[in-house]
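Working notes for the structure below.
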Amino acid sequence: MSILANKETRVVIQGGPAGVNAARRMAEFCYLIKQPLNVEAFVYPPEAGKTNEIPYGSGLITVPVYATVAEATKHHPAINTSLVYIGADRAMKAGMEALDDPHIKLVSMITEGVPEKDAKLLGAHARKLGKIFNGPSSIGIISAGACRLGVIGGAYDNLVLSKLYREGSFGVITKSGGLSNEIIWICSQFADGITTAIGIGGDTYPGTDYVTYLEMFEQDPQTKAVVIVGEMGGDLEERAAEWYGAQKRRIKLIGIVSGFCQESLPKGMKFGHAGAKEGMKGEGSARSKSEALKRAGAIVPPTFGALGPAIKEVYQELLKSGQVKEIVEPTSLPKLPKTVEEAMKADEVIVTPLIRTTISDDRGDEPYYDGYPASELINKGYDIPHVIGLLWDKRLISKQEAEIIRRIIMLSADHGPCVSGAYATILAACAGIGMAQAVAAGLIMIGPRFGGAVTDAGRWFKYAVDNKMSVDEFLAYMKKNVGPVPGIGHRVKSLRNPDKRVKELVAYVKSLNIKTPCLDFALQVEQVTAAKKENLILNVDGTMAAILVDLGFPVDSLNGFFILARTIGLIGHWVDQKRQDSRLIRLFDYLVNYAVPKRREVPPLR
Amino acid sequence: MAKVLEGPGMGLMKKWGIHVPNYVVVTSAEELDKLGQANDWLKQGKLVAKAHEALGSRFKLGLVKVGLDLQGAIAAVKEMIGRQVGSITVSQVIISEMVSHTEEYYCAVKSVREGSEILVANCGGVEVESNWDRVKRLLVEIGQQPAHEELERVVKDAGFTGPLIKKMADFAAKLFTCFDNEDAQYLEVNPVVMRESDGELVALDAVTLLDADAKFRHPDWNFQFAAEFGRAYTKNELEIMAIDSKIKGSVKFIEIPGGDTAMLPAGGGASVYYSDAVVALGGKLANYAEYSGDPPDWAVEALTEKVCSLPGIKNIIVGGAIANFTDVKKTFGGIINGFRKAKADGKLKGVKIWVRRGGPREKEGLEAMRALKEEGFDIEVFDRYTPLTDIVDKALAGK
């Protein structure tokens, strides 16, 4: 047997993420004791109509979220308990809502920092209705082998170590949430463990005090002794002493109170929980509480360290008198399934990776590009072209190479609003499309006819140089197998009206006295093609391609230089239209040649 | 509980219809001079000047002056501002008009488990403190209002007679309304006096403790809460309070000068048992500290740095019970970082560190602590099988 929480307890959790986390912990306990999940519903208006997935063993249980407690209990009439994980400013309303629901008999509030007045109102309302309001600031309630409400009991390993999978003989009532686990642990080490442990919360006026629960424990034949862990401040321990001393009680009472340090602290200095404040006239000190408990016949160990041995002594007496029997522990208990990460850490599983990367890693405190920390690159004077070299070609390029790339990007960043890419971005911007999508619209234009010839130009110039072809052999090969030479030809520029960008790039690269076999070959090709037709000149795509191949960049990366450079321009165009608050545009009819058939009659559908 | 100084406390009482004397709170003599030109009552009546700080026995310290004219009050302000009392520097002075009266009474409302209690006595000042049996009480259950007949009965019971019965009952009713609506935990007016000029009962002094947790529903609480400690908070304490106010979970830090045992335990409950254990063995606490509710590691790191910076410490107690949901590995990570920083700054020389803890990821956390030995820290690490406060016994064994 146990008190308050048992195998019939069915729970609604009022709250968001903290409540979901509690439900997970509760599911772990249910799994340990082989009981179905005791959480039937959540109440959380912002997520009403959705569901929360709670891991149970290696599976997932779907728990619905409702807007009100009434809705939850209507759909789940077995619910008899509510746990409140709602913020302090809305906690009272949530608590009242639960108390007012006829299905609910017990409300336990985890919220900390609830105004004192609200806590008193909740407590009084519960008493009026004959219900239990536990908390605020309660870590929860746990009945060994039967029911867990909240995160009390801690991690799964601790549940097992503290033997919470089966009943013992000791009841526990604490103000402190952290100490509840410690006492449960002590009861399992020095005795046979607990029946029920309750966190009543560390506030000055908790909704339910020791006495109410002592009465319940007194009525629970399985509970033979109760440990209460008190604190200075308030009068709850004195009331417990008064109750214990009032008549002969079946249960043994073991009590300990903190706050003796107060006696040797500078006057007025107080600390601990909200409730740990001495009264105005000195009442409520640790000493007066301890004395009151002793006078009432309770066992009061002098220090916390002496608590374990005191519990052991009580247990030995209970054994001797035959009130309790030694418990035979089960030989095996369910093991909580590990997550993949945990199992990998324990060398228990092999996982085949889904993807493989060779260029970058940001699992540390900053990104590493091909092994180099980004901050170190910055601090040692490296620049954006070096990052391009690391991420596109996995090598740290030289200062000279970086300068060439910088110039290529600067020269290709934009080419006015009329070209396909910019026009598409502008059109999208005017239609009110967001930046990422509008820029993507411009990037989609990059292909065989616009900006997308860099890779192909590089591929064929490299093919010719690698195979030591002459210009004539190359042109013949291209004519037969490929078609027009990528990188050669311009819509408006010609030998007499050269592309200034090409001249600039070629002159700069030539001035460096480096080996440029591809560029040299491309220029030779131009000599021949331009002689045949004026506008068959080496265009900017072909120039970039030849230079980048000469620098050693892989052919497949070459279009990337144009895409990267032009993205700068496309973003500029989008921002430009946005800044002007441009209107939606459409083509004028006079810009369209309507080469369509004249109006004609639609024949009947056959 | 949060203490509010006299000025804002009287402000709250005035808000709920209680007569209070005219008053101003100033930070300089010049300010009072200007206020004197603007307000007739400062020029015409007799004045009282009091240091507006969380100080006890101000009268003995010479920080209360009575029967002043404006020039006298300005001189008093000049004298008081900047006075150092312990760790508190006087920075504000409250100037109020003297209310001439003959009789003094007492009225208070305090929070009790069932609701609140209204206290009245027909004597005031020091007289009521030495005659506490003359205080009569009326319990008001939570959610209820005191009936006027009941108030009159208690007032009569306290020895009030004639027309004063109704007046005092009215005063108590107003004080209760203020208490109830302002989320107060304690309101005390000592003395309540009858103003000779119009026969009204006036609150001459206000002790106001408010429920800081209720601040969210009181947008007009625009005043600062005074330190409850009888001293001002130190810079380090304020820094940790600032962190505490913006994180999930909590970190707390209070300095106790002269101690040699530094505390860095987890949990509002366990931390006090650790402090008790130190005191029980004759040790001297250098501080109080506590972290709980799974706070972020950086907050615990900041707390650790403060603890390591305490002067003259010999031991640091990194204690804790078996946590429910505080991640031991993560919070210990913060502590370890703090230790490393302190060591790099030349602190922790000759300081021994004692660790005991349990909870989620306890193995990993304790392992990381043990590894500090290899970095040259003097550290002893214990797990859940060592009882909670045994590390204090071990640390102080040499004493």
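The values are calculated or read from the model by the stated rules, or taken from the named source; none is laboratory data. The model shown is predicted, which means the values in this text are computed figures rather than measured ones. Because the Cβ atoms are built from the backbone with ideal geometry, glycine has one as well, and the counts that use them run over all protein chains shown. In case anyone asks, the SASA skips ligands and DNA or RNA and just uses the protein heavy atoms, side chains included. Shrake-Rupley method; radii C 1.70, N 1.55, O 1.52, S 1.80 Å.
One table, with the values for the structure above:
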item: Rounded Å value of the spacing that divides the Cα centres of region A:397-465 and region A:280-321; result: 81
item: Mean-position separation - Cα centroids, region B:89-138 and region A:36-76, in angstrom; result: 53
item: Mean Cα-pair separation over length for region A:1-134, i.e. relative contact order, pairs under 8 Å, 6 or more apart, %; result: 22
item: Shielding by partners - mean other protein chain Cβ count within 10 Å, residues of A:152-164; result: 4
item: Estimated dipole of chain B in Debye, rounded to 20 [Cβ of Lys and Arg +1, of Asp and Glu -1, Cα centre]; result: 1200
item: Calculated P(r) of chain B - Cα pairs past 36 Å, %; result: 42
item: Surface per residue (accessible, 1.4 Å probe) for the protein assembly as shown, Å²; result: 46
item: Karplus 3J(HN,Hα) series, Hz, for region A:37-47 with 6.51 cos²θ - 1.76 cosθ + 1.60 (x for Gly, Pro); result: 4, 8, 8, 9, 7, 10, 10, 7, x, x, 10
item: Farthest toward positive dipole pole in chain B [+1 Lys/Arg, -1 Asp/Glu at C-beta], among B:Y105, B:Y291, B:L209; result: B:Y291
item: Loop chymotrypsin sites (Phe, Trp or Tyr not before Pro), region B:47-112, which have at most 11 other Cβ atoms in a 10 Å radius of their Cβ (DSSP); result: B:F59
item: Cα extents of the protein assembly as shown along the three principal axes, largest first (Å); result: 123, 87, 86
item: For B:281-293, mean number of other protein chain Cβ atoms within 10 Å; result: 2
item: Carbon and sulfur %, accessible surface of chain A computed with the full protein complex present, 1.4 Å; result: 55
item: Pairs beyond 26 Å (Cα-Cα), from A:K117/B:K248; A:K248/A:K294; A:K163/A:K338; B:K246/B:K284; A:K120/A:K175; result: B:K246/B:K284
item: Region A:377-493, dipole about Cα centre (Lys/Arg Cβ +1, Asp/Glu Cβ -1), debye to the nearest 20; result: 120
item: Karplus (6.51, -1.76, 1.60) ³J(HN,Hα), θ = phi - 60°, over region B:81-98, in Hz, Gly and Pro reported as x; result: 4, x, 4, 9, 10, x, 9, 9, 9, 5, 10, 9, 10, 9, 10, 10, 7, 6
item: Straight-distance crosslink candidates among lysines, where the alpha carbon sits under 16 Å from A:K345 and sequence neighbours closer than 8 are dropped; result: B:K329, B:K363
item: For region B:304-343, the spread of Cα positions along each principal axis, largest first, Å; result: 34, 18, 11
item: Highest-first arrangement of B:200-206, A:51-57, where packing means the average Cβ count within 10 Å; result: B:200-206, A:51-57
item: Coil-residue trypsin sites (Lys or Arg not before Pro) of region B:241-307, DSSP, other Cβ within 10 Å capped at 10; result: B:K246, B:K248
item: Dipole axis of chain B (+1 Lys, Arg; -1 Asp, Glu on Cβ), positive-most option in B:S271, B:P311, B:Q144; result: B:P311
item: Measure of compaction for region B:8-81 (Cα Rg per 2.2 N^0.38 Å); result: 1.12
item: Nearest-20 debye value, the protein assembly as shown charge dipole, Cβ charges on Lys, Arg, Asp, Glu; result: 2760
item: For the pair A and B, total buried accessible area rounded to nearest 100 Å², probe 1.4 Å; result: 4400
item: Cβ-Cβ FRET estimate between A:S398 and B:K34, R0 fixed at 51 Å, reported to 0.05; result: 0.10
item: Region B:82-170: Rg to Rh, with Rh as the Kirkwood radius over Cα pairs; result: 1.11
